[in-house]
Structure formats: C-alpha cells, structure tokens
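The values are calculated or read from the model by the stated rules, or taken from the named source; none is laboratory data. Keep in mind that this is a model prediction, so the values were computed, not measured. When we count neighbours, we look across all protein chains shown, and the Cβ atoms used for this are built from the backbone with ideal geometry, even at glycine.
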Amino acid sequence: MASLLTKANVNDNTQLRALVQAIPPVRGKLGRPRRRPKRVQGDRGYDSRADRNWLRQRGIQPLLAKRNTPHGSGLGVYRWVVERTLSWLHQFRRLRIRYERQPELHEAFMAFGCALICWRFLNSLC
C-alpha cells in the first residue's frame, strides 16, 4: 500500500507517477522482490496519454477509465477495493478531518493508519 499527501486542489493525474514510484518492494516469493505492480487501475481523473505511455514503458498495464466515454467500463468491479480502503482510513478520526497543521504529522498518522489496515487485513486471513 502506498499513499501520498497533497493539497486539496491537486489534479489526480499529476500524482500518478509519484504514487507508482512510492510503492514499496513486495516480498514473499524467492528471488528479487517486485518493485512495480502488474497493472494500475484508476478512474477518469488519471486519464492521460503521457501517463499511459509512462506506465507501459515500465511494463505496467494501465487500466484507466477514459474521459468522455459512457460509464460501464467494468473498472467499478475492482475499484471497490480502493473505495473500501479509503473508508477504512476514514475510520481513524485524525485522518477523516485533518487537525494537524504540519504535513509531517498527518503523513505519520496516515502511514500508521495504512500499517494498521494491512495488519488487520493479514490477521483476518489467518
């Protein structure tokens, strides 16, 4: 899980590259850990030709909804994972409403919230 803190009025497509680069290595299988996902799913806010090409150059399949097309692309079937995770983050009061003035504190709480979500999810699998 990767997260970035931005101002409220920043466009989604300007943060796609930084968010993909923030993904930590995934360990588990023998060998070199994966540094990139197999595919990236996103809504219309991430649609841009430059970002699609950037993802393809890195061997990542872009599954981004295209602008000015009717709904029903099928991404909503998988998008609920993102929406569910955001609702889990909003269960933490400090992340639902930002009380901290310093971005470092809010990033720390966000990292802690992400760690708790991952820990709870992995505990539920056992």
So which pairs qualify, if the first residue must be in the range 82-107 and within 15 Å of ARG120 (Cα to Cα), the second must be exposed (fewer than 14 other Cβ atoms within 10 Å of the Cβ) and among the β-branched types (Val, Ile, Thr), the Cβ gap must be under 9 Å, and the two must be at least 6 apart or on different chains? none
Where residues in the range 81-126 are β-branched (Val, Ile, Thr) and loosely packed, with under 14 Cβ neighbours inside 10 Å, which of them is nearest to ALA22 (Cα to Cα)? VAL82
Within the range 30-65, count every residue that is in a loop (DSSP other than H, G, I, E, B), touching a helix residue (DSSP H, G or I) at 6+ places or on another chain (Cβ under 6 Å) and closer than 11 Å to LEU16 by Cα. 1
Looking only at the range 1-21, and only at residues there that are under 9 Å from the mean Cα position of the chain (by Cα) and assigned to a loop (DSSP other than H, G, I, E, B), the one that is nearest to GLN102 (Cα to Cα): LEU4
Selected residue [under 23 Å from TRP119 (Cα atoms) and in contact with a Leu (Cβ under 7 Å, 6 or more places away or on another chain)] from LEU105, LEU30, LEU86, LEU95: LEU95
Residues in the range 29-53 that are over 16 Å from THR14 (Cβ atoms) and surrounded by 16 or more Cβ atoms within 10 Å (Cβ to Cβ): how many? 2
Within the set of pairs 6+ apart or on separate chains, which have a first residue in the range 54-78 that is surrounded by 11 or more Cβ atoms within 10 Å (Cβ to Cβ), a second that is at pLDDT below 70 and in a loop (DSSP other than H, G, I, E, B), and C-beta atoms under 6 Å apart? ALA65/SER73; ALA65/LEU75
If we scan the range 73-94, do we find a residue that is within 15 Å of SER3 (Cβ to Cβ), touching a helix residue (DSSP H, G or I) at 6+ places or on another chain (Cβ under 9 Å) and among the basic types (Lys, Arg)? yes
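Limited to the range 99-126, what total is found for residues that are of a type outside the set (Gly, Ala, Ser) and under 22 Å from VAL82 (Cβ atoms)?
Going through the range 99-126 one residue at a time, the tally reaches 15.
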When the residues of the range 67-114 are filtered to those that are among the small types (Gly, Ala, Ser) and not in a helix (DSSP H, G or I), which remaining residue is modelled with the lowest pLDDT? SER73
Those residues of the range 6-28 which are touching a helix residue (DSSP H, G or I) at 6+ places or on another chain (Cβ under 8 Å), at pLDDT 80 or above and either of a type in the set (Gly, Ala, Ser) or surrounded by 12 or more Cβ atoms within 10 Å (Cβ to Cβ) (or both) amount to LEU16, ARG17, VAL20
